[in-house]
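The values are calculated or read from the model by the stated rules, or taken from the named source; none is laboratory data. Only a predicted model underlies this, so the values are computations on that prediction, with no experimental measurement involved. Cβ sites come from the backbone with ideal geometry, for glycine too, and all protein chains shown count toward neighbours. For the accessible areas, the whole protein counts, side chains as well, though only heavy atoms, and no ligand, DNA or RNA atoms are used. Shrake-Rupley method; radii C 1.70, N 1.55, O 1.52, S 1.80 Å.
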Amino acid sequence: MRYRELTIEGRNAVLEAFRSGRPVDKLFVLDGCKDGPVMTIIREAKKQGSIISFVPKERLDQMSETGKHQSVIAQAAAYEYAQVEDILEAAREKGEAPFLFLLDGIEDPHNLGAIIRTANLAGAHGVIIPKHRAAGLTAVVARTSAGALNYTPVAKVTNLASVIEELKKQGIWFVCADMGGELMYRLNLTGPVGLVVGNEGKGVSRLIREKCDMTAAIPMKGNIDSLNASVAAGVLAYEIVRQRLCLP
């Protein structure tokens, strides 16, 4: 089942969205509001694990499309999230070694959409993103992915480091993009692999980098110090594709 992106306003509508099980990425609440119905909505949001932001009235007024937000606005996902197991099952069904993208804090929805598009074209079985401090599956992401979201499952997890540890137990190796790493052409990137790409500004966090088995550097010959996150993901992904195809 797929979902279009929807901004939901008003206490009854937002509460019904949570109780119906609709995936809600973010809940915006008037800062300081303690009304009973609003507190009920906050409890439902916590049960689902939605990100809750307490904001001033001016922010809600700017976001509102109806002018009747009643102190709460929810942003529902454009697409339904998968489970990590769904991604592994996709690899098993194809009889292929798992090839995953893990994104550590990609905040720009255009970058996220572009990376999902690359993941699809490179034959990756799915993408894993963190729940916090990262872009979700908005309509912008869906448009930028150019339809790839219809075919490439995206899982949203609470703790990316824990997921890496669990997937390691299933034989998957992890390589992260890092300017200080080994030149990517010198690494063995065949077999079950997870490609980890970091935040647009800060790169892969120290904790996640330490969980990875390898760090891969893309050769740089220009005058600036780094590639756009989605471009870096594409370059590394296609080195993995080249090695999986056993090309020289």
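Counting Cα-Cα pairs of the stretch 189-245 in 5 Å increments starting at 0 gives whole-percent bin shares of 4, 16, 27, 27, 17, 8, 2. Considering only Ala124, Ala97, Ala114, the Gaussian network model of the chain with Cα springs below 10 Å gives its largest mean-square fluctuation to Ala97.
Protection proxy ranking, highest mean first, for peptides 33-41, 102-110: 102-110, 33-41, where packing is the per-residue count of other beta-carbon atoms within 10 Å, averaged. The accessible-area ordering, largest first, of the residues Met63, Met179 stands as Met179, Met63, per a 1.4 angstrom probe. Computed over the Cα atoms of the stretch 103-248, pair by distinct pair, the Kirkwood hydrodynamic radius stands at 15.3 angstrom.
Let me check against my output: what whole-number percent is the relative contact order of the stretch 43-201, with C-alpha pairs under 8 Å and at least 6 apart?
About 26 percent, as a whole number.
Of the peptides 200-209, 21-30, the order by per-residue mean of other Cβ atoms within 10 Å, starting with the highest, comes out as 21-30, 200-209. Taking the DSSP beta bridges with both ends in the chain, the antiparallel portion is around 25 percent.
Computed on protein heavy atoms with a 1.4 Å probe, the accessible areas place Thr66, Thr138 in the order Thr66, Thr138, largest first. Taking each DSSP H run with n ≥ 4 as -39500 (n - 2.57) and averaging over every residue of the chain yields -10500 deg cm²/dmol at 222 nm. Each principal axis of the Cα atoms in the stretch 104-180 has its own extent, and those three values, largest first, are 35, 27, 27 angstrom.
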